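Asker: Before anything else, here's the structure in question.
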Amino acid sequence: MTVNTGRFTTMTALLGLGALALTSCGSGGDSPDADAADPAETETTEAETTESEDGDSESGEAAASGSLTIWADANRAEVLADVAEDFESDTGISVEILQQDFEEIRDQFVSQVPTGEGPDIAVGAHDWLGVLVNNGVVAPVELGDTAGDFEEIAVDAWTYEGQTYGLPYSIENIALLRNTELAPEAPADFDAMIQMGEEAGTEYPFLVGLTPNESDPYHLYPFQTSFGAPVFGTDEDGSYDSSQLTMADAGGEEFAGWLAEQGEAGVLNLNIDGDLAQESFNGGNSPFFLTGPWNVTGAQEAGIDVAVDPIPAAGDQDAQPFAGVQGFFLSSQSENVVAASNFLINYVGTAEVQTALYETGGRAPALTESFDQALSEDEIVAGFGEVGAEAVPMPAIPEMGAVWDDWGSSQAAIIKGDGDPVELWQKMSQDITSAID
């Protein structure tokens, strides 16, 4: 694939970012010390980086030098190799792409960047940001006017404490898979779904993968939000606030009561894990399966005519799942911030590359132009994309790590009927608050 790279962001802005980042992280490198610059040299530099009439800044690109190292998993590395070839041809800057296990990138990045051994750019998930920012290993990525070219949730997800730390490329979330032969229409709400499932005469009216001791707060979260019980509250700028454990409020207690009811009725079954739920849906044993795009291919290969629907609300508010947004972040110790930012914004941020990444990974693109194209061409992607557009970003704050264990074990206890649901929920809330404090 040959990538036709557009230039829709000024290199003047990128050079400003580069000078700032290089000064702040003290990484020496290619930019001269502004305090020691000769006035004549300063004047020449400013003239050279003036944007041309067509929006390009060739002299700015020519001023960049050196090399870039990028960490990516196998799927992304294949697409990036083509992008890197065009970037090297345009700028003369070499790009080395190192394949990494996606699950290990965050921890390796945190450990290696401070030693100077990490990459300039790495692929990752937005909910790593709290750890990455708190460890001082990532630098902001100045999207500028191009931020408006991406889906709002994608930019929101990569924004932490008021700054954007990544170039997003995909949005991932769960939705409701429906066997259209067993259920010709989408359910209006949760109760309607269960009724339709019972009328279908299948073994299970509805499936979601849970585990005996940990339940699955991620998959059950849209039902929780429909009771007005998001895990955390938000500040005025939309950032999650760990001091506001909103699910401890009345909406959370109402959700706990609902969990107990569904457990008693056998609708939520802790003995049906994700694999068994998938096998049962693929076998035609339920018309509905709450899951992500990763289970669609298996269902289609099993001969199921699949539709993707919004998640039906159990409470009186919309059911909003978590959205995970993947993207590329920039090392705070990069010695070539100008080139790295150029690579991200003007190459990875183009419609052709975002579409190529979508075609490789099967997740809805973050760039709106590619997002709209994908939705028009693929009903499955359209279904997940439409749900994802109304989803909420997974909290990226470090305190989220203190939530999952108590949250899951308490849900499991409530579903099993191991005590009063409100009391169990209140204890969970107290334990989480103590762990965060």
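The values are calculated or read from the model by the stated rules, or taken from the named source; none is laboratory data. In this text, all values refer to a predicted model and were calculated from it rather than measured experimentally. Counting neighbours? That spans all protein chains shown, and the Cβs are built from the backbone with ideal geometry, glycine included. Only protein heavy atoms, including side chains, enter the accessible area calculation; ligands, DNA and RNA are left aside. Shrake-Rupley method; radii C 1.70, N 1.55, O 1.52, S 1.80 Å.
Asker: Out of all the residues in region 285-300, is one or more open to solvent by less than 10 Å² (accessible area, probe 1.4 Å), out of contact with any Asp or Glu (no Cβ under 7 Å at 6 or more places or on another chain), in a helix (DSSP H, G or I) and over 28 Å from residue 226 (Cβ atoms)?
Answerer: no
Asker: How many residues does region 310-349 contain that are closer than 30 Å to residue 258 by Cα and open to solvent by 10 Å² or more (accessible area, probe 1.4 Å)?
Answerer: The initial filter retains those residues of region 310-349 that are closer than 30 Å to residue 258 by Cα, namely 310-325.
Checking which are open to solvent by 10 Å² or more (accessible area, probe 1.4 Å) leaves us with 310-311, 313-320, 324.
Final tally of qualifying residues: 11.
Asker: Would you point out the residue of region 410-428, among those that are touching a residue at least 40 places away in the same chain (Cβ under 8 Å) and open to solvent by 50 Å² or more (accessible area, probe 1.4 Å), that is farthest from residue 175 (Cα to Cα)?
Answerer: 426
Asker: While we're here: List, please: which pairs have Cβ atoms under 8 Å, are six or more places apart or on different chains, and start with a residue in region 78-91 that is of a type in the set (D, E, K, R) and end with one that is open to solvent by less than 30 Å² (accessible area, probe 1.4 Å) and in a helix (DSSP H, G or I)?
Answerer: What qualifies is 82/356; 86/347; 90/61.
Asker: Quick one: how many residues across region 408-430 are in contact with a Leu (Cβ under 8 Å, 6 or more places away or on another chain) and either modelled with pLDDT under 95 or in a helix (DSSP H, G or I) (or both)? Break it down stepwise before answering.
Answerer: Taking region 408-430 first, the residues in contact with a Leu (Cβ under 8 Å, 6 or more places away or on another chain) are 410-416, 418, 421, 429.
So of that shortlist, the ones also either modelled with pLDDT under 95 or in a helix (DSSP H, G or I) (or both) come out as 410-416, 421, 429.
Residues flagged as in contact with a Leu (Cβ under 8 Å, 6 or more places away or on another chain) and either modelled with pLDDT under 95 or in a helix (DSSP H, G or I) (or both) within region 408-430 amount to 9.
Asker: Just checking, does region 86-98 include any residue being within 26 Å of residue 382 (Cα to Cα) and open to solvent by 60 Å² or more (accessible area, probe 1.4 Å)? Steps first, answer last, please.
Answerer: Filtering region 86-98 for residues within 26 Å of residue 382 (Cα to Cα) gives none.
Scanning region 86-98 turns up no residue that is within 26 Å of residue 382 (Cα to Cα) and open to solvent by 60 Å² or more (accessible area, probe 1.4 Å).
Asker: Counting only residues that are of a type outside the set (Gly, Ala, Ser) and open to solvent by less than 10 Å² (accessible area, probe 1.4 Å), which one in region 351-366 is nearest to the chain's Cα centre (by Cα)? Lay out the reasoning, then the answer.
Answerer: Just the residues of region 351-366 that are of a type outside the set (Gly, Ala, Ser), to begin with: 352-355, 357-360, 363, 365.
When the remaining residues are screened for being open to solvent by less than 10 Å² (accessible area, probe 1.4 Å), the result is 353-354, 357, 365.
Values: 353: 18, 354: 15, 357: 14, 365: 11 Å.
Ranking the qualifying residues of region 351-366, first place goes to 365.
Asker: Which ones in region 370-407 are of a type in the set (Phe, Trp, Tyr) and under 19 Å from the mean Cα position of the chain (by Cα)?
Answerer: Looking only at region 370-407, we keep the residues that are of a type in the set (Phe, Trp, Tyr), and these are 371, 384, 404, 407.
If the condition is that a residue be of a type in the set (Phe, Trp, Tyr) and under 19 Å from the mean Cα position of the chain (by Cα), then 371, 384, 404 are the ones that fit.
Asker: Would you confirm whether any residue within region 271-280 is over 28 Å from the mean Cα position of the chain (by Cα), open to solvent by 50 Å² or more (accessible area, probe 1.4 Å), on the phi < 0 side of the Ramachandran plot and at pLDDT 95 or above? Don't jump to the end; show me each part of the working.
Answerer: Looking only at region 271-280, we keep the residues that are over 28 Å from the mean Cα position of the chain (by Cα), and these are 271, 280.
So of that shortlist, the ones also open to solvent by 50 Å² or more (accessible area, probe 1.4 Å) come out as 271.
Then drop every residue that is not on the phi < 0 side of the Ramachandran plot, which leaves 271.
With the extra rule that they be at pLDDT 95 or above, the set shrinks to 271.
Yes: region 271-280 contains one or more residues that are over 28 Å from the mean Cα position of the chain (by Cα), open to solvent by 50 Å² or more (accessible area, probe 1.4 Å), on the phi < 0 side of the Ramachandran plot and at pLDDT 95 or above.
Asker: Could I ask something else about it? Given the options 390, 377, name the one that is open to solvent by 60 Å² or more (accessible area, probe 1.4 Å), modelled with pLDDT under 95, of a type in the set (D, E, K, R) and within 25 Å of residue 161 (Cα to Cα).
Answerer: Details: 377 fails: within 25 Å of residue 161 (Cα to Cα).
The match here is 390.
Asker: If you check 88, 117, which single one turns out to be out of contact with any Pro (no Cβ under 6 Å at 6 or more places or on another chain) and either at pLDDT 95 or above or in a strand (DSSP E or B) (or both)? Before the answer, list the steps.
Answerer: Details: 117 fails: either at pLDDT 95 or above or in a strand (DSSP E or B) (or both).
So the residue among 88, 117 that is out of contact with any Pro (no Cβ under 6 Å at 6 or more places or on another chain) and either at pLDDT 95 or above or in a strand (DSSP E or B) (or both) is 88.
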